[in-house]
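The block underneath contains the structure these notes are about, expressed in structure tokens.
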Amino acid sequence: MNKTKRKIFETSLKLFSEKGYDATSIEEITATVGVAKGTLYYHFNSKEEIFNFLIEEGMKLLINSIEIKISKCDNVLDKIKAVSLIQLKAVYKYENLLTIVMSQTWGNEAINIFCREKVLEYISVIQKIVQEGVDNGDLVNCNAEILASELFSLTCSTLIYKRKANLDEINIQDLYKEYEKTLFNKIINK
């Protein structure tokens, strides 16, 4: 991605996160980036295309993070723990992306449907891990799709917790230990 496209990407991500998709205009994006509309339209055909690119690339990044991390894990429980830790870290590293995802998942507009599809693709990666654990007896017998959605919800609830507490930093290790005490001990087949 060239420098101008990256700047458009980063600016749009920030503006969509802070103001929402509908309240952010192309004019505001170009003014903040410091480029002419023609330059923006050289890289993206519309605001919706910018949005779709942000969500597509952002969710790919999260999926790739999971796939890289779990490839180094020896068992399903370690994979689930790795996914949970990645999600906790994502609350800080990708807060704007997650804010957009959470705010735009609901509704029936094209951007809502697109965003929801990307979230479901992400959850399906987690679902495969859970299903592997259920199939091999490492995890309790459960609906893998529901548990995968619950694991994704950790990201959402952590972001809400961070915003509610108005925290710039949450001790990720402390949160992770809470997840170990509550969630992980419930899903392991003993």
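The values are calculated or read from the model by the stated rules, or taken from the named source; none is laboratory data. All values derive from a computational prediction rather than experimental measurement. Cβ coordinates were reconstructed from backbone atoms using ideal geometry, including for glycine residues, and neighbour counts include every protein chain displayed.
Values computed for the structure shown
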{"item": "Elements of type helices (runs of 4 or more DSSP H) contained in segment 108-190, each with 2 or more residues being at pLDDT 85 or above", "result": "110-135, 144-164"}
{"item": "Residue in segment 53-75 that is β-branched (V, I, T), assigned to a helix (DSSP H, G or I) and out of contact with any helix residue (DSSP H, G or I) (no Cβ under 7 Å at 6 or more places or on another chain) present", "result": "yes"}
{"item": "Residues of segment 27-61 that turn out to be in the same structural domain as C115 (by TED's automatic domain parsing) and in contact with an Asp or Glu (Cβ under 8 Å, 6 or more places away or on another chain), as a count", "result": "1"}
{"item": "Matching residues, segment 33-53, being basic (K, R) and either touching a Pro at 6+ places or on another chain (Cβ under 9 Å) or farther than 17 Å from F16 by Cα (or both)", "result": "K37"}
{"item": "Residue in segment 25-34 that is free of Cβ contacts under 8 Å to residues at least 40 places away in the same chain, more than 15 Å from the chain's Cα centre (by Cα) and either assigned to a loop (DSSP other than H, G, I, E, B) or within 27 Å of T182 (Cα to Cα) (or both) present", "result": "yes"}
{"item": "Identity of the residue in segment 77-107, assigned to a helix (DSSP H, G or I) and without any contact (Cβ under 8 Å) to a residue 60 or more places away in the chain, that ends up farthest from T24 (Cα to Cα)", "result": "D78"}
